[in-house]
1. Just one of the numbered conditions (1) within 27 Å of I62 (Cβ to Cβ); (2) in contact (Cβ under 8 Å) with a residue 24 or more places away in the chain; (3) touching a Lys or Arg at 6+ places or on another chain (Cβ under 8 Å) is not true of C93; which one?
2. I need the full set of residues from region 122-152 which are charged (D, E, K, R) and loosely packed, with under 15 Cβ neighbours inside 10 Å, in order please.
3. Would you please name the residue that is farthest from A97 (Cα to Cα), looking only at residues in region 55-74 that are part of a strand (DSSP E or B) and either touching an Asp or Glu at 6+ places or on another chain (Cβ under 8 Å) or aromatic (F, W, Y) (or both)?
4. Which pairs turn up if I take residues in region 150-168 that are closer than 29 Å to Q76 by Cα and touching a residue at least 40 places away in the same chain (Cβ under 8 Å) and look for partners that are of a type in the set (V, I, T) and in a loop (DSSP other than H, G, I, E, B) with beta carbon separation below 8 Å, at least 6 apart in sequence or on another chain?
5. What is the one condition in (1) more than 29 Å from G133 (Cβ to Cβ); (2) at pLDDT below 90 that E26 does not satisfy?
6. What's the total number of residues in region 116-138 that are in a strand (DSSP E or B) and farther than 15 Å from E34 by Cβ?
7. So F142 clears everything in (1) assigned to a strand (DSSP E or B); (2) modelled with pLDDT under 95; (3) in contact with a helix residue (DSSP H, G or I) (Cβ under 6 Å, 6 or more places away or on another chain) except one condition, right? Which one?
8. When the residues of region 90-115 are narrowed to those that are assigned to a loop (DSSP other than H, G, I, E, B) and among the aliphatic types (A, V, I, L, M), which ends up least open to solvent (accessible area, probe 1.4 Å)?
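The values are calculated or read from the model by the stated rules, or taken from the named source; none is laboratory data. Here the structure is a predicted model, which means the values were calculated and not measured. Cβ atoms come from the backbone with ideal geometry, glycine included; neighbour counts cover every protein chain shown. Ligands, DNA and RNA are excluded from the accessible area calculation, which covers all protein heavy atoms including side chains. Shrake-Rupley method; radii C 1.70, N 1.55, O 1.52, S 1.80 Å.
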Amino acid sequence: MTKIKNKMDAKKREIRTIDCQLAIREAAEGQEGESRTITGRAIVFNAESEVLDDWGERFREIILPEAATMAFLNSQDIKLNLLHDRKTTIARCNKGAENSSLRLSVDDNGVNFEFDAPRCDLGDRALELVRTGVYSGCSFEFYPQDYEKKVDGVKVTIIHRAFAAITSLTIGLDPAYQQ
């Protein structure tokens with residue numbers, strides 16, 4: 001396997017999508033109505049993505065755990081959007097603030113999130129589209145920093161060890177990671 005330095009642009013935002021099996025939590029005992037808490041996994045560690053295409057270059061990608069530690073996430077201002085549209089931001093974790101509407105956690109498998117859908121048109125839309133299975137994936141936007149590009153014949157794999165920034169998570173469609 002030959003190691004080649006990739007030419008990813010650290011100033012160019014990258015987007016990756018995963019099949020995260022979004023879930024709506026059950027209502028807590030004594031709580032009236034249905035729960036508005038949506039949970040999912042936005043980043044998967046140590047798993048190879050489906051084939052991605054960036055301006056004609058086809059590759060697979062692996063995110064290492066050190067790329068998205070809790071300490072790193074707590075240094076970021078991360079928004080949660082619908083379908084990568086910043087006009088549909090419905091939760092936010094600004095540098096790990098305790099009162100953040102977007103709650104993040106990291107385990108051996110990746111970066112998880114949960115939030116309570118706001119009582120507004122966007123929150124109602126997110127709940128209904130998750131409940132009906134229309135939104136079945138999660139995604140994240142990042143700026144690359146420390147990565148390696150490996151070429152083995154025609155197979156190209158990019159391995160991310162660190163991100164310069166993670167700017168948003170998204171509830172959406174068409175996952176690049178099936179894990």
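1. Single failed check for C93: (2).
2. In the first step, residues of region 122-152 are kept if they are charged (D, E, K, R); the result is 124-125, 128, 131, 141, 146, 148-150, 152.
Once the filter is applied, which keeps residues that are charged (D, E, K, R) and loosely packed, with under 15 Cβ neighbours inside 10 Å, region 122-152 yields D124, E128, R131, D146, D152.
3. If we take residues in region 55-74 being part of a strand (DSSP E or B) and either touching an Asp or Glu at 6+ places or on another chain (Cβ under 8 Å) or aromatic (F, W, Y) (or both), then F59 is farthest from A97 (Cα to Cα).
4. If the second residue must be of a type in the set (V, I, T) and in a loop (DSSP other than H, G, I, E, B), the pairs left are S168/T89.
5. Among (1) more than 29 Å from G133 (Cβ to Cβ); (2) at pLDDT below 90, E26 violates only (1).
6. The qualifying residues number 2.
7. (3)
8. Of all residues in region 90-115, those assigned to a loop (DSSP other than H, G, I, E, B) come to 90, 95-101, 108-109.
Now drop any that are not among the aliphatic types (A, V, I, L, M), which leaves 90, 97.
Values: I90: 16, A97: 39 Å².
Per the stated criteria, the residue is I90.
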